[in-house]
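Please read the structure below before turning to the comments.
Readers should treat all values here as calculations from the given coordinates under stated rules, not as data from a laboratory. All of these numbers come straight from a predicted model, not from anything done at the bench. Cβ atoms come from the backbone with ideal geometry, glycine included; neighbour counts cover every protein chain shown.
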Amino acid sequence: MTLLNAALQGVFLGAFYAVLACGLSIMFGVMRIINLAHGDIAVLGAYVVFVIVEHAGVSAFIAFAAALPVMVVLGYVLQITLLERSLKAGILTPLLATFGLSIVIQNLLQLAFSPDVQSLGGSAGALTTSSWQLAGGLSVSALGLVVLVVAVLVFGALQLFLARTRIGWMMRATAEDADAAELVGINSRSVYAWATAMAVAIAALGGFFLAIRSVFDPVSGPTQLIFAFEAVVIGGMGSLWGTLLGGIALGVAQTLGAQVHPQFAVMAGHLLFLVVLIVRFGGGRAVLRAAR
Amino acid sequence: MKVARWTRTSKLFTGGTAGVAVALACIPLVFESDVVQKLTTLMILVLLAAMWNALAGYGGLLSVGQQAFIGIGAYGTVFFADQGVTPYVAMILATLLAGAISLPISLFALRLRAAQFAIGMWVIAEVMSIIVRLDQNLGAGTGISLIQMNQYEPNFRQAYTFWLALAFTAIFLVALFLLLRSPLGASLQAIRDDEDAARSLGVRVAARKRLLFVLAGFGCGAAGVLIVANTLFIEPGSVFSVQWSAYMIFMVLVGGLGTFEGPIIGAILLFAIQTTFTQGGPWYLVGLGATAALFALALPRGLWGTVEERLGLRLLPVGYRVVEAKGEERAA
Amino acid sequence: MTLLNVEALDCRYGLLQAVRSVSLRVEAGETVALIGANGAGKTTLLRAVAGAHRLHSGRVVFDGVDITRLPAHRRVALGIALVPEGRRLFPSLTVEENLRVAASRRRRGPWNVQSVLEVFPMLQQRRRRPAASLSGGEQQAVAIGRALMSNPRLLLLDEVSLGLAPIVVDAVYRSLAGIISEGSTVLLVEQDLTRALRVAGRVVCLLEGRVVLEEAAGGLDRDRVVSAYFGLRRPA
């Protein structure tokens, strides 16, 4: 595989990471919460789709459409039960509470489903198998293209929502100053709940993409969380478009890393993440000094 | 009215711990080797809980990646043993290695804010896991045994391991105890209450946190050493697993974050649960996760913290108390 | 009629008592000034009335309705609006967005984006600029306009002169006079004694969380105010 093609595949992979990361970015942007159960919620979404496919026999896409409202409600409930309470406590509390939630989700999934890996690639039809060969050794898969287009649409729609609609302004206002927002009549509890609902729904979309492009099992969550978080950090925390770019950067790093050594793919992503952390948080100079 | 460290209860109890330590040391002489192995596991849990509490409870540093140091301790032992070093000396070396590696990591990790620090440490653990998986000499993905331990007769080996565990746990607990009773301890309390105010008073926040981070690096490394000594076989999937962080979080949250006695109680509790529910599988983990989350939200001070608050009880005093003239006591 | 009735209000920050058993009445159409030294409890009192600060004990009754348990955003719908200390605009939102976002709980009344911009004409050209890029005086204007967007019956103003040049404060108070003349009920906190006495019909002085003086502004002796303000005890 040529280097250029590897980078292109990285872009497609990165678009998937960006969708996974989007929900995490929303929750951080609005509530300053990093939901350590985010990856598990995405996997939960994949399982909900899986159950619908198994029981209703429909295609994965229709199943996802049916799963979406379930996930939206789940997100809303999650906020008003667990997350709202942890917001009011210390800075560490949301991390601890969501970590506990992560363990609960993983193990409930293990109890409900077998530990075997599953995939929904088969139920997604021809989409998962078609691809086109372009000049220069470049290969474009239908699935990769769809994920990329959907990613751009989702991020674009979110940006428009936040920039042009009154509810979007309310969300930004609450994110910037929840106290002042309450004083002008904005129900911050409601805003947070809707933000979480959106984040969970998009996480479910990420889980859906995971299911049709690859395999998943009850303990896939933490891996998705790490990739999502890396994408958010690489792109710059608090920036929505940054998360899209960060996801793509992560994907490209991984596919280029795979060119060096097949086992090096994920590591390359980790290294990019760590380098960005070092550079951005000024530990760089100290490390350079120590390395000299 | 005066400010005092000790109460009668705490004097009795702390004096009693020396007796407890001696009693514990006799265990391998009295019990079967499988009991000794189990109790070694208990020591490991106590050590891990104390170290995670040192980071989060006293330093405000929530790490989801201490398994990095557990892995360094475990694989370090195997590495040194493979180089021909006597196993138990290899263990000391591996512990030192873990502590040594924690220092450069601290240079950048401590600059990270809460979530980045938590997940950053996790990523570091993952990176180490991948490095080990790529190394055939360390057993790659399938794992490796500490075969050099075969030179010891099983009962003796179990006893030596237990005494090493006892020694490590005692050393780290005593170190932490003394640290918290020193002026350093008071400044840590100040940092925990209000970091900016502490900094403006001249408290060198970064240095204090680094000390705790390195101590935890040593301690978790020691735990990793003990794990490989106790179970003899390790693989990257288990020693570098984030499951260890889950256990540490449970023990400390339920026991009592920021108290000295709390993590010990949490460790004993987890040990009791583990030995009772060995067949539990996912259900018991669901319980652990849910309990940890519940405690984080509803009982942030943990079991011991709540008891301490209600009864004003301190068994191992690291703080001060205000003693009223008539001999009545109120916790400071 | 009594629009606002505060009864034996007690507000705390942890163990610190900021407001001690404060009782206060504001009649419809009145302008009442809350004065007092820093830390006297004025901001806490306003925030408690607006619903942004939990009460330890006491009641807040608005137009005969007990609103003590009501969260802040619901009080806006009833007709209370607070212009918070330090402006607290939403920095990345434009002037117009700051105004519009406050209109979600609007009541019926004369105030909308257009009429607000008429009262503060210097904002016309700035309406699409992010709020963070405005000067202090302009931000104060936006903050007041934002509170007006819900068409409140009771307008609470917390230190609108803070951090602004005197000439700017004059302009703000001129606009305020216009708003007051339309019949709004106003409860304002003001550090500047002269301005407070000039704009208000009644003055309430707080010291260490308690009401130490409550008088009509007209015949008020300045010395009495100063002694109440600083807690100096003088023979009557």
Notebook entry, point to check: Using the alpha-carbon atoms, what tilt in degrees (0 to 90, nearest 10) does helix B:114-133 show relative to the longest principal axis of chain B?
Noted result: 20 degrees
Check: For peptide A:169-180, how many partner chain Cβ atoms fall within 10 Å of a residue's Cβ, on average?
Finding: 6
Checklist line | Among B:108, B:146, B:74 the positive-end extreme of the charge dipole of the range B:2-331 (Cβ point charges) | finding: B:108
Notebook entry, point to check: Dividing the convex hull volume of the alpha carbon atoms of chain A by its residue count, what do you get in Å³ per residue?
Noted result: 151 Å³
Notebook entry, point to check: Hey, if you put +1 on the Cβ of every Lys and Arg and -1 on every Asp and Glu Cβ in the protein assembly as shown, which of B:36, C:164, C:14 ends up farthest toward the positive end of that dipole?
Noted result: C:164
Next item on the list: Report the label-to-label distance for residue A:11 and residue B:5 in nanometres (one decimal), using points 7 Å from each Cα along the Cα→Cβ vector.
Entry: 6.7 nm
Notebook entry, point to check: Given labels modelled 7 Å from the Cα in the Cβ direction, how far is it in nm from residue C:59 to residue B:201?
Noted result: 4.4 nm
Next item on the list: Counting only DSSP beta bridges with both residues in the protein assembly as shown, tell me the antiparallel percent, nearest 5.
Entry: 65 percent
Check: How would you rank A:264, B:218, going from fewest to most other Cβ atoms within 10 Å of each one's own Cβ?
Finding: A:264, B:218
Check: What Kirkwood radius, in Å to one decimal, follows from the Cα pairs of the range B:215-279?
Finding: 12.9 Å
Next item on the list: Consider a paramagnetic label point 7 Å from the Cα of residue A:54 along Cα→Cβ; state which residues of the range A:196-218 have an amide N under 17 Å from it.
Entry: A:208, A:211-212, A:215-218
Margin query: Just to check, using Stokes-Einstein with a Kirkwood Rh over alpha carbon pairs, what's the diffusion coefficient of the range C:2-230 at 25 °C and 0.890 mPa s in µm²/s?
Written below: 138 µm²/s
Item checked: Cut-off 20 Å, label 7 Å out along Cα→Cβ of residue B:268, residues of the range B:18-39 by amide N -> B:18-28, B:31, B:35-39
Note to self: Pairs of alpha-carbon atoms within less than 8 angstrom and 6+ residues apart define the contacts here; what relative contact order does chain C have, in percent?
What the structure shows: 27 percent
Note to self: Connecting C-alpha atoms closer than 10 Å in a GNM of chain A, tell me which of A:156, A:269, A:236 has the biggest fluctuation.
What the structure shows: A:156
Note to self: At a 10 angstrom cut-off on C-beta neighbours, averaged per residue, how do the peptides C:120-130, B:120-130 rank from highest to lowest?
What the structure shows: B:120-130, C:120-130
Item checked: Estimated D of the protein assembly as shown in µm² per second, where Rh is the Kirkwood radius over Cα pairs and Stokes-Einstein applies at 37 °C, 0.692 mPa s -> 108 µm²/s
Checklist line | Protection-proxy order for peptides A:105-112, A:126-133, each taking the mean of Cβ atoms within 10 Å per residue, highest first | finding: A:105-112, A:126-133
Check: Comparing A:19, A:146, A:43, which has the greatest mean-square fluctuation in the GNM of chain A with Cα pairs linked when under 10 Å apart?
Finding: A:146
Item checked: Euclidean distance of C-alpha centroids, the range A:167-182 and the range B:50-92, integer Å -> 45 Å
Item checked: R0 of 45 Å, Cβ-Cβ distance residue C:2-residue C:118: FRET efficiency to nearest 0.05 -> 0.90
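If you take the beta carbon distance between residue A:160 and residue C:162 as r and set R0 to 56 Å, what does 1/(1 + (r/R0)^6) give as a FRET efficiency, to the nearest 0.05?
In this case the efficiency is close to 0.90.
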Next item on the list: Under a cut-off of 18 Å between alpha-carbon atoms, report the aspartates and glutamates in cross-link reach of residue B:11, not counting same-chain residues fewer than 8 places apart.
Entry: B:261, B:308, B:328, B:329
Item checked: Ascending count of other beta-carbon atoms within 10 Å, so fewest first, for A:54, C:30 -> A:54, C:30
Checklist line | Contact order normalised by residue count of the range C:38-118, Cα under 8 Å, 6+ apart, percent | finding: 22 percent
Item checked: Range of Cα positions in the range B:2-331 per principal axis (Å), largest first -> 65, 47, 39
Item checked: Ascending count of other beta-carbon atoms within 10 Å, so fewest first, for C:13, A:76, B:152, B:58 -> C:13, B:152, A:76, B:58
Item checked: Packing-based ranking, highest mean first, of C:78-88, A:161-171 given that Cβ atoms within 10 Å are counted -> C:78-88, A:161-171
Item checked: Shielding by partners - mean other protein chain Cβ count within 10 Å, residues of C:88-97 -> 5
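Please report the net charge: other residues with Cβ closer than 14 Å to the Cβ of residue C:162, K and R +1, D and E -1.
In short, -1.
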Next item on the list: Quick one: among A:220, A:114, A:25, which has the greatest mean-square fluctuation in a GNM of chain A with alpha-carbon springs under 10 angstrom?
Entry: A:114
Notebook entry, point to check: What aspartates and glutamates could a cross-link reach from residue A:88, if we take a straight Cα to Cα line under 18 Å and drop same-chain neighbours fewer than 8 places away?
Noted result: A:176, A:177, A:179, A:182, B:193, B:194
Notebook entry, point to check: Counting partner chain Cβ atoms within 10 Å of every residue's Cβ in A:103-115, what's the average?
Noted result: 5
Next item on the list: Can you tell me the relative contact order of the range A:3-291? Whole percent, Cα pairs under 8 Å, sequence separation 6 or more.
Entry: 38 percent
Next item on the list: Calculate the length of the line joining the C-alpha centroid of the range B:122-173 to that of the range C:145-178, in whole Å.
Entry: 69 Å
